[in-house]
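The values are calculated or read from the model by the stated rules, or taken from the named source; none is laboratory data. What you are looking at is a predicted structure, and each value in this text was computed from that prediction instead of being measured. Here the Cβ positions follow ideal geometry from the backbone for every residue, glycine too, while neighbour counts run over all protein chains shown. We work out accessible area using only protein heavy atoms, side chains counted, and drop any ligands, DNA or RNA first. Shrake-Rupley method; radii C 1.70, N 1.55, O 1.52, S 1.80 Å.
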Amino acid sequence: MNSRTISISFVRAMLEKFEATGHSRESLLQSVGIAPSALHQNKARIAPAQFSQLARLAMKWSEDEAVGHYPQHVPLGSYRVLAEYVSGGGDLREALKRQIRFDRLINSGFSVKLVCEGRIARYQIHSPEPLRPWVVEQHLMLTHRLMSWLVGTPLPLQAVHCQHPAPTYRDEYHYLFFSPTRFEQPLTELVFEERLLDLPIIKSREELDALIRQLPYNLLFMPTHQKSYTERIRRYIRNSLPKSPSYEQIAHSLGLTPQTLRRRLRDEGCDFRQIRNELLRDTAINLLEQTDNSVQEIAYSLGFSEPSAFIRSFKNWTGIPPNNYRRQHET
């Protein structure tokens, strides 16, 4: 009941080139229980498991791990080979160098580079032509999360810079990187402390095999990110429902002053109000999909004083009232 939901914008972006592979986008969506009409609802959301199934099936049907987004197909199994190769580096620096060498073998339409400037390291994407946000998001996110997994700790980013304009779903970016993201920048890059490059690779081959078997779900929801302040606050609010703890109460429970917590959240690219609204939205969606609880019962369980207030909030979150959402999910 505590899973995040995923914006339909990411589904739309992933499948932008799918039909060029000769397969039906509608058939693909229906095979994982997503109504094709959801693609036209800008605020629609899906479950993490559905997104993972969709990504795996899209790659399988298209026989392309880039699902048509690169100039040439990326053969199935390429990511496995990449993960095995980079995991053989002794530390993060060598792992990133190996990734860069591997990427040169794939015609992705862009190149990657690791640049160290004093105490700052930059993992950069260079392209002669503007890249679609999906290509940038997925490459940077999967690189960051794989490297975090290999060293056994989330790599704190100082910033994420993107050359493309801010998309309509920019609020989702804080969960992609747990870091501030700036758009329309001169370069596309992950910015972090150079000292992190000396972190050793600690994962075994057996652990890597287990990771690969569950891709992409386990990189979307990595346990290492459960230690972030964003996730710790989500858990605190969820465990407090139907009561609504104040910001000051949560800061005290984390052993921080309100000012310090505000700064920590800013470093993760988020704020308290956004976290609270996302938690209530995702919990409501899970309750509507997985229980028979009435809208009134769900409203009170989330701390709303009146069902009408919950209905207004839910419609603002998803674009449709809760009963409509439930009927749509059932069909």
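Note: relative contact order over the chain, using C-alpha pairs below 8 Å and six or more positions apart, is 16 percent.
Ranking 10, 259, 200 by how far each Cα lies toward the positive end of the dipole of the chain (charges on Cβ) leaves 259 at the top. Relative to the dominant Cα principal axis of the chain, helix 307-318 is inclined by about 20°.
Put a plus charge on the Cβ of each Lys and Arg, a minus charge on the Cβ of each Asp and Glu, and nothing anywhere else: the dipole of segment 61-112 about its Cα centre is then about 240 debye. The Rg/Rh ratio of segment 1-100, with Rg taken over Cα atoms and Rh as the Kirkwood radius over Cα pairs, comes to 1.06. For residue 188, the residues whose modelled amide H falls within less than 5 Å of its own, excluding neighbours fewer than 5 places apart on the same chain, are 125, 163. Only lysine pairs 8 or more places apart or on separate chains count here, and in the chain those with Cα atoms under 26 Å apart total 9. Placing unit charges on each Cβ (+1 for Lys and Arg, -1 for Asp and Glu) gives segment 87-212 a dipole about its Cα centre, and among 138, 150, 128 the Cα reaching farthest toward its positive end belongs to 128. For segment 164-187 and segment 1-63, compute the distance between their C-alpha centroids and round to whole Å. Cα centroid of segment 164-187 versus Cα centroid of segment 1-63: 21 Å apart.
For segment 190-331, the square roots of the Cα gyration tensor eigenvalues, ordered a ≥ b ≥ c, give a/c of at least 1.5 with a/b no greater than b/c, which places it in the oblate category. Relative to the longest principal axis of the Cα atoms of the chain, the long axis of helix 133-151 lies at roughly 80 degrees. Considering only 244, 322, 299, and ranking their Cα positions along the charge dipole of segment 234-331 that arises from unit charges at the beta-carbon of Lys, Arg, Asp and Glu, the one farthest toward the positive end is 244.
Out of the total accessible area of segment 9-122 (probe 1.4 Å, heavy atoms of protein only), what percent is carbon and sulfur? For segment 9-122, the apolar C and S fraction of the accessible surface comes to 49 percent. Rg and Dmax, both from the Cα atoms of segment 23-166 and both in Å, are 16.8, 51. Net charge in the neighbourhood of residue 325 (other residues with Cβ under 15 Å of its Cβ; Lys, Arg +1, Asp, Glu -1) is +3. Based on protein heavy atoms only, the chain ends up with 48 Å² per residue of surface accessible to a 1.4 Å probe. Mean sequence separation of contacting Cα pairs (under 8 Å, at least six apart), scaled by the length of segment 1-89, corresponds to a relative contact order of 30 percent. Remark on residue 201: its backbone amide H falls under 5 Å from those of 91, 92, a criterion applied only to residues 5 or more positions apart or on other chains, H modelled at 1.01 Å from N.
Placing unit charges on the Cβ atoms only, positive for Lys and Arg and negative for Asp and Glu, gives the chain a dipole magnitude near 520 debye about its Cα centre. The calculated 222 nm mean residue ellipticity attributable to helices in the chain amounts to -14500 deg cm²/dmol, summing -39500 (n - 2.57) over DSSP H runs of n ≥ 4 and dividing by all residues. Using Cβ point charges alone (K and R +1, D and E -1), the dipole size of segment 1-61 about the Cα centre works out to roughly 180 debye.
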